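The values are calculated or read from the model by the stated rules, or taken from the named source; none is laboratory data. Just so you know, these numbers come straight off a predicted model, no measurement behind them. Cβ placement follows ideal geometry from the backbone for every residue including glycine, while neighbour counts extend to all protein chains displayed.
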């Protein structure tokens, strides 16, 4: 593949990503319609990882029960998201809020187990847990805020990824040897 063709492909991909991001920002329904599948798969993977970590290290890890509980709840919520497309699109802000709230509380509680065994940096997990739980609580109080926040985040990330791809195309001549 030559330099020019690579540059053109990166710029085209970037432009398409920016357009997709703008569409998501202008039509939150489009973003959330496709997000239910992506979120369901990501949640399923996250929950399975927590369960596997518990299975492999529950005898060696303080507070590993929180990994198991977080994993089970995440897997159950992910299956709900994946199996009910229409209802999920409507309930997604609530599901997202509950996930943030529960995951934040689990991380907050687990951070004190880490403190007890002397893990440096445990306070970062405490702060992250508080922020996640607070975001989940605020989203539960105002589901439309959560709904639009999800769509805006998706749109912004697509635009950022698109700009990065366009920049890669513009400056790719420096990468070739």
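Tabulated data for the structure shown
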quantity: Residue among 92, 77, 69 that is buried (at least 20 other Cβ atoms within 10 Å of the Cβ), free of Cβ contacts under 8 Å to residues at least 60 places away in the same chain and in a helix (DSSP H, G or I); calculated: 77
quantity: Selection count, the range 48-66, where residues are modelled with pLDDT under 70 and either touching a helix residue (DSSP H, G or I) at 6+ places or on another chain (Cβ under 7 Å) or surrounded by 14 or more Cβ atoms within 10 Å (Cβ to Cβ) (or both); calculated: 6
